[in-house]
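Undergrad: Let me begin by handing over the structure; questions about it come next.
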Amino acid sequence: MFASMNGLFILGLYFLLSTPLLAQDTVQQVVQGRRNSPQTIDKPYLIIISADGFRWDYARKYNCVNLLALAARGVEAKSMQPVYPSLTFPNHYSIITGMYPTHHGLVDNSFYDRKKQRIYAVGNKKEVRDSSWYYGIPLWELAERNGMLSASSYWVGSESRINGVGPTYFYNYNEAIPIDRRIEVLQEWLLLPEDKRPHLISFYFPQVDHYSHLHGVDSKQAIDAVKLVDESVGKIVSTCTKTGLPINFIFVSDHGMTNTDTANALPMPIQIDTARFIVPRGDALVHIYSKSGDRTEIRKLYKNLKKNAAKFTVYRPQKTPKYWHYRAASDHYNRLGDILLVPDPPLMFSFTGRTTIGKHGYDIRNSDMQASFYAWGPAFRKGLTIPSFSNVHVYPMAAELLGLPVSHSIDGRLKVLKSILNSH
């Protein structure tokens, strides 16, 4: 079904990430010499699956027979609230660390670091693989440091040796490996000898996000992508069942998606002098950084932008909405802009003239930004529906399921999801 879309898909990636097309690294990376500790052998197995952009209502809206059947045998949340901004990299890293973006460092898909004097951007492989951008303890690091092997078929941060530790088995991000081959690799991991077998596996799907961006939420291409994810989840569960192992599954998405007004994209405000301010790429959120750090200059620009703002809101990072958890006071690594611009949905900023139909990144209370959460397997209660919750709470629940101690500071709280586990 998707073979005929490959050319468009690659063009879409170029369009979205603004990076040159490079040869894709498809070789599995393996950290040699690691083994499960004797205490780990009998611990549970957990596969965390993320479908990028899989909005909270997609499973029912597009009749995802596999996901709905699996949810009925396990736990379903009304929705899962993303962290702000509702973008891919901040949210995937929040799920895997249990921390808000201002605490783990990835405050946007693209942002400036004053100390490094460099811009982090999702399309820049060199920066994405530089561990110095990332803070917190990813779940795979927590596992590995406690004698439990992990594997990743893509996840934000998994290509970098954060705190010197990454998954034992992983792939550098690529989209050249067919989904059926990726599922075969998953099976190969689970059939390894028990001392070499990963107990924690992350698995990522990009398709729904990509096609929704390019063609819109209700497009045939986006709907086909939703169905591809559902079919693939069915294949994953069938493959895992054949191993005979007691495997648990968590299915999440990072954010939702909405259609935007592409005919009226907002240009860069004329008040911004790019000779004096750094403005990384952004559309539903724009950071503005003063090159000099001059407070008088920042205040002057802020007042000018506020005075002339039309169809967008201007914030200083000291006074953003409290429920965003996105303020200067909690910005541990000083990565928020001196001024933030937030467009009124369905509008967006477009400083380059490039834009897409589908977008996310908007306020986390916007219903279209809500994400999905399903969980099933021997560790989870059956037939349970729970209220919406923030994605930072997945981490402590997953750690509890795997028997991993969480002694470091995180924003997620075990009490939020503890009741969905059978033993609690």
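The values are calculated or read from the model by the stated rules, or taken from the named source; none is laboratory data. Note that the structure is a prediction, hence the values are computed from the model and not measured. Every residue, glycine among them, receives a Cβ derived from its backbone with ideal geometry; neighbour counts consider all protein chains shown.
Undergrad: Give the residue, chosen from Leu192, Leu186, that is under 20 Å from Val27 (Cα atoms), assigned to a loop (DSSP other than H, G, I, E, B), in the same structural domain as Phe89 (by TED's automatic domain parsing) and of a type outside the set (D, E, K, R).
TA: Leu192
Undergrad: Look at Tyr120 and say whether it is closer than 24 Å to Gln207 by Cα, assigned by TED's automatic domain parsing to the domain that holds Leu186 and buried (at least 21 other Cβ atoms within 10 Å of the Cβ).
TA: In short, no.
Undergrad: Can you name every residue in the range 238-288 that is assigned to a helix (DSSP H, G or I) and either buried (at least 20 other Cβ atoms within 10 Å of the Cβ) or under 19 Å from the mean Cα position of the chain (by Cα) (or both)?
TA: Selection gives Cys240 alone.
Undergrad: Among the candidates Val208, Val229, single out the residue that is touching an Asp or Glu at 6+ places or on another chain (Cβ under 7 Å) and crowded, with 24+ Cβ neighbours inside 10 Å.
TA: Answer to the selection: Val208.
Undergrad: Please enumerate the residues belonging to the range 73-116 that are assigned by TED's automatic domain parsing to the domain that holds Ser390, more than 13 Å from the chain's Cα centre (by Cα) and either of a type in the set (Phe, Trp, Tyr) or part of a loop (DSSP other than H, G, I, E, B) (or both).
TA: Arg73, Gly74, Lys78, Ser79
Undergrad: Which of the following residues is within 25 Å of Ile183 (Cβ to Cβ), modelled with pLDDT of 95 or more, not in a helix (DSSP H, G or I) and not small (Gly, Ala, Ser): Ile47, Ile119?
TA: Result of the check over Ile47, Ile119: Ile47.
Undergrad: Looking only at the range 132-148, which residues are farther than 30 Å from Pro38 by Cα and over 16 Å from the mean Cα position of the chain (by Cα)?
TA: Scanning the range 132-148 gives a single hit, Ser132.
Undergrad: Taking Leu70 and the conditions (1) part of a helix (DSSP H, G or I); (2) within 18 Å of Pro206 (Cβ to Cβ); (3) not basic (Lys, Arg), which numbered condition does it fall short on, given that it satisfies the others?
TA: Of the numbered conditions (1) part of a helix (DSSP H, G or I); (2) within 18 Å of Pro206 (Cβ to Cβ); (3) not basic (Lys, Arg), the odd one out for Leu70 is (2).
Undergrad: Would you check which residues across the range 339-363 are in contact with a strand residue (DSSP E or B) (Cβ under 6 Å, 6 or more places away or on another chain) and aromatic (Phe, Trp, Tyr) and list them?
TA: Result: Phe349, single match.
Undergrad: Would you mind stating whether Arg161 is free of Cβ contacts under 8 Å to residues at least 40 places away in the same chain and either under 20 Å from Ala399 (Cα atoms) or of a type in the set (D, E, K, R) (or both)?
TA: Spelling it out, Arg161 is indeed free of Cβ contacts under 8 Å to residues at least 40 places away in the same chain and either under 20 Å from Ala399 (Cα atoms) or of a type in the set (D, E, K, R) (or both).
Undergrad: Separate question: Return only the number of the condition from (1) free of Cβ contacts under 8 Å to residues at least 40 places away in the same chain; (2) closer than 19 Å to Val27 by Cβ that Ser152 does not satisfy.
TA: (1)
Undergrad: Only residues that are at pLDDT below 95 and among the β-branched types (Val, Ile, Thr): list them for the range 155-199, please.
TA: none
Undergrad: Among the numbered criteria (1) more than 27 Å from Asp42 (Cβ to Cβ); (2) under 19 Å from the mean Cα position of the chain (by Cα); (3) small (Gly, Ala, Ser), which one does Ser330 miss?
TA: Single failed check for Ser330: (2).
Undergrad: Exactly one of these conditions fails for Asn304: (1) of a type outside the set (A, V, I, L, M); (2) in contact (Cβ under 8 Å) with a residue 24 or more places away in the chain; (3) out of contact with any strand residue (DSSP E or B) (no Cβ under 7 Å at 6 or more places or on another chain); (4) part of a loop (DSSP other than H, G, I, E, B). Give me its number.
TA: Checking Asn304 against (1) of a type outside the set (A, V, I, L, M); (2) in contact (Cβ under 8 Å) with a residue 24 or more places away in the chain; (3) out of contact with any strand residue (DSSP E or B) (no Cβ under 7 Å at 6 or more places or on another chain); (4) part of a loop (DSSP other than H, G, I, E, B), the one that fails is (4).
Undergrad: Can you tell me which of (1) in contact with a Phe, Trp or Tyr (Cβ under 7 Å, 6 or more places away or on another chain); (2) without any contact (Cβ under 8 Å) to a residue 24 or more places away in the chain is the one Leu68 doesn't meet?
TA: Here Leu68 clears every test but (1).
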